[in-house]
Amino acid sequence: MAHYMTTYSYSQYVNNGMKMQKRQEELKANILIALAHPNRIRILEYLKNGIKCNCEIAPALELEQSNLSRHLKILVHEVLLSPGRKD
């Protein structure tokens, strides 16, 4: 089964009902932590042009599937990526 990934915009994430300043600061810190690896930045750059299947991402970025999965998990956890379906 293919898994597809898509990106969130930062404004969608921040404006999702979080009003408290401290919460926004924590959110920003977590986003920066999630972006603190070159492969995660490469993944986001690759996905900015549209939804891609994991089976397309790994070879395009020359990543092992297990390495890609680890990075995707972090990006999904911080809501920078969303698992989705290509209709």
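List of remarks:
- Accessible surface of segment 31-87 [probe 1.4 Å, protein heavy atoms]: carbon and sulfur percent: 56
- Gained length - GLU26 relative to CYS55, 0.36 nm times residue gap less alpha-carbon distance: 7.2 nm
- Protection proxy ranking, peptides 41-48, 55-62, average beta carbon neighbours within 10 Å, highest first: 41-48, 55-62
The values are calculated or read from the model by the stated rules, or taken from the named source; none is laboratory data. Just so it is clear, the structure is predicted and the values come from calculations on it, not from any experiment. Glycine also receives a Cβ, built like all others from the backbone with ideal geometry; neighbour counts cover every protein chain displayed. Quick note on the areas: whole protein, heavy atoms, side chains included, nothing else; ligands and nucleic acids left out. Shrake-Rupley method; radii C 1.70, N 1.55, O 1.52, S 1.80 Å.
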